[in-house]
Each structure stands twice: as C-alpha cells, then as structure tokens.
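Chemist: Take this structure, written in structure tokens, and hold onto it; I'll ask about it next.
The values are calculated or read from the model by the stated rules, or taken from the named source; none is laboratory data. Here the structure is a predicted model, which means the values were calculated and not measured. Backbone-built Cβ (ideal geometry, glycine too); neighbour counts: all protein chains shown. Note: accessible area is taken over every heavy atom of the protein model, side chains too, but ligands, DNA and RNA are not part of it. Shrake-Rupley method; radii C 1.70, N 1.55, O 1.52, S 1.80 Å.
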Amino acid sequence: MTLSPRALTALRVVAETLVDGADGGGADLARRVAGHVAMLPRAADRAELNLLLKLFESRVVNLLIAGIPRPLSAMTPAQREHYLRGWATSRLPPRRKAFQALKRLVTVAHYTTPGTARVLGYPGPPGPPPAVPKPIRPLAITRDTTLTCDVVVVGSGAGGAVVAAELAAAGKDVVVLEKGGYHNEADFTQQEGDGLERLYDAGGLLATRDLSLVILQGATLGGGTVVNYTTSFATPEAVRDEWAQEHGLPHFAGAEFTRSLDAAARRIGVNTDHAMPSGRDRVLIRGLEKLGWHHGLLPRNVRGCSQDDACGYCGYGCRAGAKQSTLVTYLPDAVARGARIVVDCDVRRVAISAGQATGVEARVGTHALTVRAGAVVVACGSIHSPALLLRSGVHLPALGRFLALHPATAVFGAMDEAVRPWTGTLQAHYSDQFADLDHGYGFKFETAPVHPSFLALAAPWESAAQYADRMGRLAHTAVCGILLRDRFGGRVSIDREGCPVVDYRVSRYDAAHLHRALAAAAELLEAAGAREIWAPLARWISYQPGAKSARADWVARVDAAGWGANQLLLATFHQMASCRMGASAQTSVVDPEHRVWGVRGLYVADASVFPTSSGVNPMLTIMGIAQRAAHVIVTH
Ligand SMILES: Cc1cc2nc3c(=O)[nH]c(=O)nc-3n(C[C@H](O)[C@H](O)[C@H](O)COP(=O)(O)OP(=O)(O)OC[C@H]3O[C@@H](n4cnc5c(N)ncnc54)[C@H](O)[C@@H]3O)c2cc1C
C-alpha cells in the first residue's frame, strides 16, 4: 500500500466530499483510488500524493491555508467543501494541481465502477464480449531468455506493427516486443474501468508533470490503434510541403511517400462509407450548417462497422473486429511471415556497443529477456521512444524536445434532445473552418464519445451536489471537440528510475488559437440549439443563449477565471515529434532514413519522428512513415 493510514483517512474524506453518496461511505472508493495511486508509474508522484493527503490532516496547514484549525477529517461537511473548492480555484498552481489529481482519481474511479453510472442513464456496454479465439500466439517467456533475430521492433502500435509486417514480408527475421498484454475481441469488456486499466498506458492516469494535460495513449498489443477512434486522414499536402521544405526532408513531398500512405490506407481499409452521424455528430452538423461553416465526412479504417448503439464503446476495443487496428491487420501479417511477438515485455535499454546497436534488454514479469539483433527499431510512441533512447545513453540536443501534443479540449452544450453522447459512430464528421488561421496552424472540430469518465474529468466541481447534478445530465450533453495544431512543443525527459517525465506549456501563440476555438465552439453549439453552454474549467462558468451579449460575456468570464495550468481541462490523444526527423544532428534525432544520428543500426519509426505536429489525427501518417521506414531499413 503506497498510502499511509493517515493519508488513507484523508482520502476517504476527500472521496465522501467530492462524490455525493460515495459507496461504502467513501471507504471502498478510497481503497480503489489507493489501488490506482499504487499503479502510478513514478514513485515521485505516489510519494507526492501521500504527502499531500497527510497535509490535509494537519491542523497547522489548514489554519494557514483556509483559516480552519482542524484536520480535514474533523471539519464539518460544509467546511470540507469550502476547503476543497479553495484548492480547486486557488491562484497557486501547486494547489490546483493537487486538487485535480484527487478529483480525477476519485471521480473517475467512482463513475467507472460497473453499475455506478446507471443512475446517469448510461447503460454500459451491451452484454459480454464474444467468445472468439486468439489468432496470435505470443512467445511465452518463462525463464531468463536470449533471442536472436535480424531486427527487433519495440512497440506494436501504428508505427511498430507496420515496420514489423513490412520487414517480415521482405524476408527479415523479426521479433516484436510489446509492453502491453495481448487482448482481443474476447477480452473487450468495454467496461470503462477495466478498459482503461488493461488497454491504456498507466491505466489512463498519465499526465504532464504539472497535470495540466491528460495524456491518453494505448498500451496493449496493437498500441493506440486498438483504442483509437478510427479517423484516418492522409497527411495534408501543406504539411507534407512544410516538412519537405522547412525541415530538409524532400521525400515527404514526393511520390514515394504518397505510395506509402496509399498502401497503408488500403491495408487498414480507409473509407468514407462508415460515417453515419451519431447523436453527437448530428448536433455538430446542425450547428455547422446553420453557420455555413465547413464540414466533411471522416475517413475511417473500419470494415463492416455497424455504427449503431453498440458502437461508441470501441475506445475500449472493438468487439466486432470491424476496427482495422494493427491487431487485426499488420500484426497477423507479420506473424504469418514468421515474426515472433512477445507481450508484457518492458524494454529497458537498447544495447549500444562502439556506436552500433546490438539488441535490447527487457523484462517480462520477473524474467530478463535479451534480444540480439542486427538492427533495432524503436516505436514506443512519442512519450516512451525518447525515454528509451535516453535510458540507453543516447545524447542528442533535440532528443525529447519539440514534443507536440495536439492539445484537445471541448465545449459542452445542454440539449433538449437525448444525445446519448457515448454511443454511435466513434467520429463521423469534422470541420476545418478554422484549421488554417496562420500558416496551417489552427484547430479542427470533431466529436468524441463521452462516457461517464470523460464527463467526470470535464465537469467542474464546486460542490458534490452541483457536480452530481451535472453528471446526471450526461444523456443530454453535446460536445464540440477542439483539436489544436500546436506550433510550439514540450519536452520528454526521464527521472532517476528512467520513467518519462513530460513538460508542456501551451505557448502564447497556441493559446490565442485555443481562445478563438472556445468562442467558436460555443457559437456552434448555440446555433445547434444548446440551452446552456459550458467549458471544462475549474469553475462552473456557463451561459444560456438568448441575450445578445451572452456569449461575449461568457468569454470574458472565462478569461477572468484564467487559462493557466489546471484551470481548463486539456488532454492529448496525439503525441508526436519528440525524436523528430531532420537534416542535422543538432536539431533532430533521426536522419531522413530513420537512423538515430551517431548510432548505427538504431532506427525510430513512430509518431515521434514527425518533424512537427501533423494537424490531423496522425495514425495514417505514422503508418505511411513506418511503411517507408521498413523499405529504407531493408536497403541498409
Ligand atoms: C483514445 C484515443 C483515440 C485516438 N483516435 C485517433 C483517431 O481517431 N485517429 C488517429 O489518427 N489517431 C488517433 N489516436 C492516436 C493514434 O492512435 C496514435 O497517434 C498512434 O497509435 C501512435 O502510434 P505510435 O506507433 O507512435 O505509438 P502507439 O500506437 O502508442 O504504440 C506504441 C506501443 O509501444 C509500447 N511501448 C511503450 N514503451 C515500451 C517499452 N519500453 N517496451 C515495449 N513496448 C513499449 C506501448 O505499449 C504501445 O503499445 C487516438 C489515440 C487515443 C489514445
């Protein structure tokens, strides 16, 4: 148990204060949250939470902070709410961070407990998963083991799986190492808590160091492609030109890259025949049409997707096998051509000797796995790829820098109609009305399934009753998702244990676009008929359309509430550019042929090699890049 008894007492009281009618009087919920705290990857984060909770029980601290000379557990319910509200809306960033840490842990744990969300009118997934066999047989590692191969690929997501399949097709002996487990249709319970825990990195609890941005990424065989929303845009021409011209990478503008993108799109079945609007999309389209703003059908990588009530849960894996993730495409291709796959395998280091990569060192449970290989392809995603290279002693000035995150947020609308925002096609429509505000930088509008955990994260907390009331309106909540193309990035470094630490601050330039996005999203929801409009801020700030200046007043109140860390909820679904490709070892991590500068036989082939953010959902771009990477690796 990470938390001390004193901290656990405080956690129980926090749980009871945040959540109306927490089950088991808060004790059960606190125990579950404590379990999640124990799963946090960084010891520093676990220790910080323990200390914070112990401080809540200090009379002196509470006297100084809130003028209440009592431990939290001895305060009256009204005092506790006042006390926590003070943390939520404090002018001091560390206090807001502390509040958000607890609010996210407690409310998400509560609303993802099976059955709890029924009171919200949320039915949960339809029945149990189908009993289908598992076609892939991962290699069992039952003792300390050494394997040899031509190429070892670390990570099995959009980048890794494509490289593995293409290299295997070219006759290479390939081993794929994946940190996550092997879960297929038969395992997709689509229960939120279970899905987050089994399929997402760190159980969905990853965030930037200051918690200002929630980091969502897959960690299962197939990586992000298993949990993603199937939107499959090709790399925009303007972005390809930018990468070619401004980053010294002419191949991005050429026919070779077009062929790679086309090949990947064919293999994952990209089409626009599965864009039946969900309730969320219908609201979006209504608003866009009323305003005369651009909208279009989303290309999706699905085959035979029913787009009905059973859909929308596929952020926790598609039970129908309709989503053409790498789990059902490139990984079986790789296996059919002899590739070996090891799951639950955490690669700790790339072995580098005299400037040459010779393999990797990994852990599978309690066993050591050594893989000796002629070449190593790192494809752990944009958070873990730089971390692995840093752990392996690679020193390059650009390593871990320029991390782009496509910061995402949303504006919500209370509708008369039952939107049931968790269900229907994952994403069907989008708008590029504001995608090019300045040299290709701006934002897209898309929707995304809103399950109880999403609303729990987004809904401002001011009191348990107000929060419960907001959650109770889930079924009538519409969402206008904002996806920002960020121009200025953050950084991945590692802590003493080698865990990634992510620092990211929305730049002034990007914040101006975000500001515009919030106002435009509100205008859209207003046009679509929303009765009340709000943003996921630390404070409840909403408006009811009608009066002429209502929206402008709302924007002014949002501004006054502040845009600092943990004042507006931001999340990233797309991590990119932390090992970027370029023409010089001073400003990039890999050369135009995916080789890490200065290390022979070491390649990177995932979203981390993007020179900048892509501006569109990145999966297909990653696959196109990985397809080409395999071809250049074969020729080396
Ligand atoms: C909820 C959600 C929805 C999304 N929706 C879309 C969408 O609709 N369209 C779109 O284009 N994109 C979408 N994305 C993003 C897209 O899925 C990712 O950008 C893409 O999967 C990234 O590919 P990658 O190869 O860089 O990394 P990943 O696909 O994340 O694969 C990296 C893999 O490496 C493994 N790994 C990490 N560290 C290690 C280690 N040390 N040892 C071994 N293995 C390791 C991880 O477990 C993971 O499986 C979404 C993402 C999420 C989370």
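Chemist: Go through the range 173-268 and name the GluC sites (Glu not before Pro) that are in a DSSP coil and have 14 or fewer other Cβ atoms within 10 Å of their Cβ. Please report the intermediate quantities before stating the final value.
Modeler: Values: sites: Glu178, Glu185, Glu192, Glu197, Glu237, Glu242, Glu246, Glu256; in loops: Glu178.
Answer by residue number: there is no such site.
Chemist: Which of rounded, prolate or oblate describes the chain when judged by the alpha-carbon gyration tensor and an a/c cut-off of 1.5? Show your work: numbers first, answer last.
Modeler: Working: a/c = 1.61, a/b = 1.33, b/c = 1.21.
Judged from the Cα gyration tensor, the chain comes out prolate (a/c at least 1.5, a/b above b/c).
Chemist: Are there any GluC sites (Glu not before Pro) in the range 440-542 that are in a DSSP loop and have at most 14 other Cβ atoms within 10 Å? List them by number.
Modeler: Glu497
Chemist: Now, a different point. Could you give the length gained on full extension between Ala354 and Ile494, defined as 0.36 nm per residue of separation minus the Cα-Cα distance, in nm?
Modeler: Result: 48.0 nm gained on full extension.
Chemist: Taking amide H positions as placed 1.01 Å from N in the peptide plane, with prolines and chain starts having none, which residues 5 or more places from Cys345, or on another chain, fall under 5 Å of its amide H?
Modeler: Under 5 Å from the amide H of Cys345: Glu178, Lys179, Gly180.
Chemist: Ok, one more. For a quick check of your reading of the filter: which chymotrypsin sites (Phe, Trp or Tyr not before Pro) in the range 557-636 sit in a DSSP loop and have no more than 12 other Cβ atoms within 10 Å?
Modeler: none
Chemist: Sort the range 113-224 into rounded, prolate or oblate with this rule: let a ≥ b ≥ c be the square roots of the eigenvalues of the Cα gyration tensor; rounded if a/c is under 1.5, and if a/c is not under 1.5, prolate when a/b is larger than b/c, oblate otherwise.
Modeler: prolate
Chemist: Quote the relative contact order of the chain in percent (integer), defining contacts as alpha-carbon pairs under 8 Å separated by 6+ residues.
Modeler: 19 percent
Chemist: If the cut-off is 17 Å between C-alpha atoms, which lysines fall inside it for Lys97, apart from same-chain ones fewer than 8 positions away?
Modeler: Partners found: Lys54.
Chemist: Another question about this same structure. Under 4.7 Å Cβ to Cβ, no partner at all: give me those cysteines from the chain, in residue order.
Modeler: Cys149, Cys305, Cys311, Cys345, Cys380, Cys480, Cys499, Cys579
Chemist: Return, ordered by residue number, the residues of the range 390-418 whose backbone nitrogen is under 19 Å from a label point located 7 Å along Cα→Cβ of Asp346.
Modeler: 390-393
Chemist: Roughly speaking, to the nearest percent, how much of the chain's 1.4 Å accessible area is carbon and sulfur?
Modeler: 53 percent
Chemist: Straight-line reach from Lys134: which aspartates and glutamates fall under 18 Å, measuring Cα to Cα and dropping same-chain residues less than 8 apart?
Modeler: Glu178, Glu185, Asp187, Asp333, Asp344
Chemist: In Å, the Kirkwood hydrodynamic radius of the range 64-140 over pairs of distinct alpha carbons?
Modeler: After inverting the pairwise mean of 1/r, the radius is 16.6 Å.
Chemist: Could you work out how far helix 508-527 tilts from the main Cα principal axis of the chain, as a 0 to 90 degree angle to the nearest 10?
Modeler: 60 degrees
Chemist: Hey, another quick one. Give me the percent of DSSP beta bridges within the chain that run antiparallel, rounded to the nearest 5.
Modeler: 70 percent
Chemist: Let me ask something else about it. Per residue of the range 175-183, what does 6.51 cos²θ - 1.76 cosθ + 1.60 with θ = phi - 60° give for ³J(HN,Hα)? Whole Hz please, x for Gly and Pro, Karplus curve as stated.
Modeler: Calculated HN-Hα couplings, in order: 10, 9, 10, 10, 5, x, x, 9, 10 Hz.
Chemist: Answer rounded, prolate or oblate for the range 1-84, using the Cα gyration tensor with square roots of eigenvalues a ≥ b ≥ c: rounded when a/c is under 1.5, else prolate when a/b is larger than b/c, else oblate.
Modeler: On the way: a/c = 2.37, a/b = 1.28, b/c = 1.86.
Here the range 1-84 falls in the oblate category.
Chemist: Can I ask one more? Compute the separation of the alpha-carbon centres of the range 94-136 and the range 565-625 and state it in Å as a whole number.
Modeler: If we compute the Cα centre of each part, the gap is 31 Å.
Chemist: Apply the Karplus curve 6.51 cos²θ - 1.76 cosθ + 1.60, θ = phi - 60°, to the phi angles in the range 364-369 and return the couplings in whole Hz, x for Gly and Pro.
Modeler: 10, x, 8, 9, 8, 10
Chemist: Helix 381-391: angle to the longest alpha-carbon principal axis of the chain, degrees 0 to 90, nearest 10?
Modeler: Between the helix axis and the principal axis of the chain, the angle is about 70 degrees.
Chemist: 5 Å is the cut-off here: which amide hydrogens, built 1.01 Å from N in the peptide plane, fall below it relative to Ala351, excluding neighbours closer than 5 in sequence?
Modeler: Thr358, Gly359, Val360, Glu361
Chemist: Give me a comma-separated list of calculated 3J(HN,Hα) values for the range 212-224, in order, Karplus coefficients 6.51, -1.76, 1.60 applied at θ = phi - 60°, integers in Hz, x for any Gly or Pro.
Modeler: 6, 9, 7, 9, 9, 8, x, 9, 7, 4, x, x, x
Chemist: Also, I was wondering about something else. Can you compute the radius of gyration and Dmax for the range 346-501, using only the Cα atoms, both in Å?
Modeler: Looking at the range 346-501, its Cα Rg and Dmax stand at 21.9, 67 Å.
Chemist: Within the chain, what's the longest run with no trypsin sites (Lys or Arg not before Pro) in a DSSP loop and at most 10 other beta-carbon atoms within 10 Å? Give the range, please.
Modeler: Values: sites that count: Arg91, Arg143, Arg496, Lys548.
Within the chain, the longest run free of exposed trypsin sites (Lys or Arg not before Pro) spans 144-495.
Chemist: Check Gly490: other-chain or 5+ apart residues with amide H under 5 Å from its amide H, H built from backbone geometry?
Modeler: Result for Gly490 returns Phe402, Leu403, Ala404.
Chemist: In addition: Which lysines have a Cα lying under 22 Å from the Cα of Lys444, excluding residues fewer than 8 positions away in the same chain?
Modeler: Leaving aside lysines fewer than 8 places away in the same chain, those within reach of Lys444 are Lys290.
Chemist: So what's the angle, to the nearest 10 degrees on a 0 to 90 scale, between helix 77-88 and the longest Cα principal axis of the chain?
Modeler: 40 degrees
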